Amino acid sequence: MDRLLYYLELGEEDGFLLFWSKEIIVATAIILLCYALSQVLGRALLRIAGRLNASRAFDSRMLERSTPPIQFLVNCTGWYLAISRLHIPEKLHLVASGALFVAIVVVLTNIAYRIADEALLRYGARVAGEEMSRQLMPLVQKLVSIFLIGTALIITLKHFNYDILSLVTALGVGSLAIGLAAKDTLANMVSGFTLMLDRPFRIGDVIELGNKSGEVIDIGLRSTKIKGADSTYLIIPNSELCNTTLVNMALPDSRVKVKVPLGVAYGTDVAAAKELLVQTALAVPGVVAEPGPEVYFTNFGESALNLNLFFWVADYRQQAVVVDRINSAIAGAFITHGIIMPFPTRTVFIEKDANHAPQD
């Protein structure tokens, strides 16, 4: 080993070919050594991940995702050390070293992102809840990516002796100009973030916003997409949702109370009609038994005794179907029991004026 190092040691009497042969051999040895080290390290990390897979799944996944970039980092380090040892022109040395430094920074940033992403996937649902985590995770992942890329950019520019302060100042002025030009877009983005935190509705809920209603399909940073009953898509800016009163049919639970107004003819036994309406409603699938249906005699109409039937539907998505069943069942029950639902009528009396009647 000592003799090998003696032969590889550079000397003043070495010729051009011998000099560069020794340089290339040593550089190649460093690269191969780091490559072998990366392979050994990769296999060791994967073996450790396999052992942790059963008891500590989080650490296992983190090691599995971090192993490839760690191996690449070791290889880049070998190239960096090999090039640093070569006696090449200073400019070429700076270019090669700078390129490898950038590669190392990129790899370190990738490792940091993978670790952060795995941590967010593990602890996001535990801290914020599964539904909120599903909505917030894409935004948080983008913010983490921007932070890591910005940090890597600053480190790289600092390595090449760029003035970071002037760059940050320029970015600040540019951000201000962009903010003024896109204030509506920024307002929608802030409103989207507020909706994700406040959670007035969730994906899959049916909401009513003025004369618009539908199922929430997606909650984005700029807008929320709602699918109407006729399968049309409503794209509503988030700022409008934050500043408008809306009705969420799915909260606090999926039940919904429905009112069916109707009238019976004068002379009908109101108590019997109310009991018939309750029993008819209870027999309809989808109507909640507890709290049960209720019927109220509201007022004396011009041509009918007005009643209101109230009942709860188990799932608000089935409201229209249940109301159709209720109306059909009531119509059949009234016919069976001889109860008449009158329509408005008017009786017109025409008196003959004898003084102005035509004479025969």
Residue count for the range 186-215, restricted to those that are in contact (Cβ under 8 Å) with a residue 40 or more places away in the chain and on the phi > 0 side of the Ramachandran plot: 2
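Okay, residues lined up against (1) at pLDDT 75 or above; (2) closer than 18 Å to L32 by Cβ:
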residue	(1), (2)
G50	no, no
A54	no, no
F58	no, no
S66	yes, no
R85	no, yes
S97	yes, no
V102	yes, no
Return the pairs, sorted by first residue and then second, in which the second residue is buried (at least 16 other Cβ atoms within 10 Å of the Cβ) and of a type in the set (F, W, Y), the first residue lies in the range 16-34 and is assigned to a helix (DSSP H, G or I) and modelled with pLDDT of 65 or more, the beta carbons are less than 7 Å apart, and the residues are 6+ apart or on different chains. I31/W79
Could you grab me the full set of residues in the range 194-243 that are in contact with a Gly (Cβ under 8 Å, 6 or more places away or on another chain), closer than 23 Å to R255 by Cα and assigned to a strand (DSSP E or B)? V206, I207, K212, S213, G214, E215, V216, I226, K227
Of F72, F101, which residue is closer than 19 Å to R43 by Cα, in contact (Cβ under 8 Å) with a residue 24 or more places away in the chain and among the aromatic types (F, W, Y)? F72
Please indicate, with yes or no, whether at least one residue in the range 292-310 is closer than 18 Å to M249 by Cβ, surrounded by 12 or more Cβ atoms within 10 Å (Cβ to Cβ), over 35 Å from the mean Cα position of the chain (by Cα) and aromatic (F, W, Y). yes
If we scan the range 192-201, do we find a residue that is surrounded by 15 or more Cβ atoms within 10 Å (Cβ to Cβ) and within 16 Å of Y316 (Cα to Cα)? yes
Where residues in the range 215-244 are small (G, A, S) and out of contact with any Ser or Thr (no Cβ under 8 Å at 6 or more places or on another chain), which of them is nearest to P138 (Cα to Cα)? G220
Would it be correct to say that A170 is modelled with pLDDT of 75 or more, hydrophobic (A, V, I, L, M, F, W, C) and either surrounded by 10 or more Cβ atoms within 10 Å (Cβ to Cβ) or in a strand (DSSP E or B) (or both)? no
Any chance T232 is at pLDDT 90 or above and hydroxyl-bearing (S, T, Y): no
Would you please name the residue that is surrounded by the fewest Cβ atoms within 10 Å (Cβ to Cβ), looking only at residues in the range 215-242 that are touching an Asp or Glu at 6+ places or on another chain (Cβ under 9 Å) and within 18 Å of Q319 (Cα to Cα)? A229
Enumeration of residues in the range 145-163 that are β-branched (V, I, T) and surrounded by 13 or more Cβ atoms within 10 Å (Cβ to Cβ): I149, T151, I154, I155, T156
Just to be sure before I move on: is I326 in the same structural domain as L209 (by TED's automatic domain parsing) and either within 33 Å of the chain's Cα centre (by Cα) or over 30 Å from R222 (Cα atoms) (or both) in the structure I sent? no
If you go through Q135, Q141, the only one that is at pLDDT 70 or above and touching a helix residue (DSSP H, G or I) at 6+ places or on another chain (Cβ under 7 Å) is Q141
For the range 235-259, enumerate the residues that are modelled with pLDDT under 85 and of a type in the set (D, E, K, R). E240, D253
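The values are calculated or read from the model by the stated rules, or taken from the named source; none is laboratory data. Treat the numbers as computed from the prediction; the structure is a model and nothing was measured. Ideal geometry is used to build each Cβ from the backbone, glycine not excepted, and the neighbour counts take in all protein chains shown.
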